[in-house]
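The values are calculated or read from the model by the stated rules, or taken from the named source; none is laboratory data. Just so we're clear, the structure is a prediction, and the values are computed from it rather than from any experiment. When we count neighbours, we look across all protein chains shown, and the Cβ atoms used for this are built from the backbone with ideal geometry, even at glycine. Side chains included, ligands, DNA and RNA excluded: accessible areas come from the protein's heavy atoms. Shrake-Rupley method; radii C 1.70, N 1.55, O 1.52, S 1.80 Å.
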Amino acid sequence: MDKGHLKRKDQSVISEVKIASSFWDRFVGLMGKKPVSDSDVILFPHCNSVHTFFMRESIDVVFVSANGSVVKIFNSLKPWRLLWPQKKAVHCIEMAGDRSKLLGIIEGETLVCKGVFE
């Protein structure tokens with residue numbers, strides 16, 4: 001899995017983000033992880049809907065636009081849920097439940113991940 005760095009302006013938000021670029025990486029995601037740790041952060045390029053089928057615990061899902069603007073945040077999304085395509089979203093980031101709140105990620109702000117959205 002490729003790796004990236006998630007920032008807001010010049011401030012680091014997450015130092016290591018896994019970028020799910022292969023079919024297998026996209027298929028597996030965080031499925032089966034228990035516990036999902038703070039270091040388990042996956043960015044799915046060109047993905048505007050997700051499911052939490054076969055997940056073992058809640059996760060946060062952050063949808064961003066093509067330029068990195070945070071479109072929608074789902075905090076502590078429980079297992080066995082389905083999120084339909086989100087309007088204006090092009091990419092999504094999955095992380096441990098409530099992690100986006102702890103990181104201070106809010107809707108409307110712009111995030112940067114070089115090579116994916118900048």
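In whole percent, what relative contact order does the chain give with Cα contacts below 8 Å and a gap of six or more residues?
Relative contact order for the chain comes out at 28 percent.
Between residue 106 and residue 51, how high is the FRET efficiency from 1/(1 + (r/R0)^6) when r is the Cβ-Cβ distance and R₀ = 30 Å? Nearest 0.05.
E between residue 106 and residue 51, to the nearest 0.05, is 0.80.
Would you mind telling me the share, in percent, of accessible area of the chain contributed by carbon and sulfur at probe 1.4 angstrom?
54
Can you give the Kirkwood hydrodynamic radius of the chain from its Cα pairs, in Å with one decimal?
Hydrodynamic radius (Kirkwood, Cα pairs) of the chain is 13.8 Å.
With the crude spin-label approximation of a point 7 Å out along Cα→Cβ, what separation in nm comes out for residue 98 versus residue 39?
A separation of 2.2 nm, rounded to one decimal place.
Using a Debye calculation, one point per C-alpha and no hydration shell, please list log10 I(q)/I(0) for the stretch 13-68 at q = 0.13, 0.14, 0.24 Å⁻¹ in order.
Those come out to -0.32, -0.38, -1.17, one per q.
Give me the 1.4 Å probe accessible area per residue for the chain, excluding ligands and nucleic acids, in Å².
55
In nm, to one decimal, how far is the modelled label at residue 31 from the one at residue 66, with both set 7 Å along Cα→Cβ?
About 3.0 nm, to one decimal.
Find the relative contact order for the stretch 24-92 and round it to a whole percent, using C-alpha pairs within less than 8 Å whose residues are 6+ positions apart.
Dividing the mean separation by the residue count of the stretch 24-92 yields 37 percent.
Could you tally the net charge around residue 87, taking each other residue with its Cβ under 15 Å from the Cβ of residue 87, Lys/Arg +1 and Asp/Glu -1?
Surrounding charge for residue 87 is +1.
Top mean-square fluctuation among 97, 108, 29, Gaussian network model of the chain, C-alpha springs under 10 Å?
Evaluated over the chain, the most mobile residue of the options is 108.
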